[in-house]
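Chemist: Starting off with a structure, shown below.
The values are calculated or read from the model by the stated rules, or taken from the named source; none is laboratory data. Fair warning: this is a prediction, and the values are worked out from it, not measured in the lab. We place every Cβ from the backbone using ideal geometry, glycine too, and count neighbours over all the protein chains shown.
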Amino acid sequence: MDLQGNTVVISPHFDDAVLSCGAWLATYPGSTVLTVYSGVPPSTVPLPDWDRRCGFERADQAVMARHEENRTAMEILGARGLGLGLLDSQYEGASRETGRITGMLATALTTLRPTVVLMPLGLFHADHLRVSDAALTVWRLFRQAMHNTWLAYEEALYRRKPGLVQQRLADLRAQHIQVTPKAGPPYDGGRKTRAVAAYASQLEPLGLTPGHGDDAAPECYWSLDAE
C-alpha cells in the first residue's frame, strides 16, 4: 500500500488530527488537515461549559483562539489547515445534518484529490460520529473513482474508553465494511509534542500533558474495504 503523496486528514475539531495523527503529519509534511467544525459562532451565542472551562468569556473568542492555536500546530508539522466552517454542536445554530457534511466533504476531496485520506473512526462524541458517517458515505460513493487509500484513525483520548473501539468496529462490520489494522509511523516525540502543546487552552480541561498521555501512544489506523 503506497502511503506517499498527498494526505488529507479529516478532523472533526481543531485538535483531533494532531492528537490522533500528529506522527503521520510529521512524517508526511505538506499534508492537509480539513477541520469540519471550524465555524466561529456569533458573539451573542451563550458560552457553553466547555469554553468556560477553557478560560474564555465568549464563544466566538474561544473559537478564534482555537484558530490561532491550530495555525501554530500546522506550522510546527508543516501541514496546511483548511476548514469547512460548520459550527461545533455545543453552539446554538449548529448543523447536525450528516448529509450536509457529506456534500461538503465530497466537494473538498474532489478538489484536493488526495492520495491518502485519514478519517475519524467515530468514537464517543456525536460530532465525531457524524463526521465519520459522512466520510464513510463519501468513501462508498468515490472509492473506485478516486483511486486513493482510506484509513480510519482511532481518536486519541476517546479510544481509551473501555469497549468503545470494539463496539465501533462491530458497527462497521454490521454495515458490511471490513476493517484491517495498519501500523502508523513511529511517534515523533519532538514535533508532535510541540504541536499538541499549541492547543494550550484545552490541555488542562482535557487533563493532558503533551508527550505524557494518549497523544504519545502509538497511533492506530484501520484500512477500509467493502464486503
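Chemist: Take segment 110-128 and flag every residue that is assigned to a helix (DSSP H, G or I), crowded, with 17+ Cβ neighbours inside 10 Å and modelled with pLDDT under 95.
Modeler: Result: Asp127, single match.
Chemist: Right, here's the next one. Determine if segment 162-185 includes at least one residue that is touching a helix residue (DSSP H, G or I) at 6+ places or on another chain (Cβ under 7 Å), under 22 Å from Gly30 (Cβ atoms) and at pLDDT 95 or above.
Modeler: Within segment 162-185 (the criterion being touching a helix residue (DSSP H, G or I) at 6+ places or on another chain (Cβ under 7 Å), under 22 Å from Gly30 (Cβ atoms) and at pLDDT 95 or above), the answer is no, since none of the residues qualifies.
Chemist: Has segment 28-47 got any residue that is among the hydroxyl-bearing types (Ser, Thr, Tyr), surrounded by fewer than 19 Cβ atoms within 10 Å (Cβ to Cβ), modelled with pLDDT of 95 or more and more than 15 Å from the chain's Cα centre (by Cα)?
Modeler: No - not one qualifying residue is present in segment 28-47.
Chemist: Quick check on my filter: what residues within segment 31-80 are part of a loop (DSSP other than H, G, I, E, B), of a type outside the set (A, V, I, L, M, F, W, C) and under 23 Å from Ala217 (Cα atoms)?
Modeler: Correct list: Ser31, Gly78.
Chemist: Further, regarding this structure: Kindly provide the set of residues from segment 173-227 that are more than 18 Å from Cys21 (Cβ to Cβ), without any contact (Cβ under 8 Å) to a residue 40 or more places away in the chain and either in contact with a strand residue (DSSP E or B) (Cβ under 9 Å, 6 or more places away or on another chain) or β-branched (Val, Ile, Thr) (or both), ordered by number.
Modeler: Hits for segment 173-227 are Arg173, Thr209.
Chemist: Against the condition in a strand (DSSP E or B), out of contact with any Lys or Arg (no Cβ under 7 Å at 6 or more places or on another chain) and β-branched (Val, Ile, Thr), how does Val131 come out, does it pass?
Modeler: No; evaluated as a whole, the condition is false for this residue.
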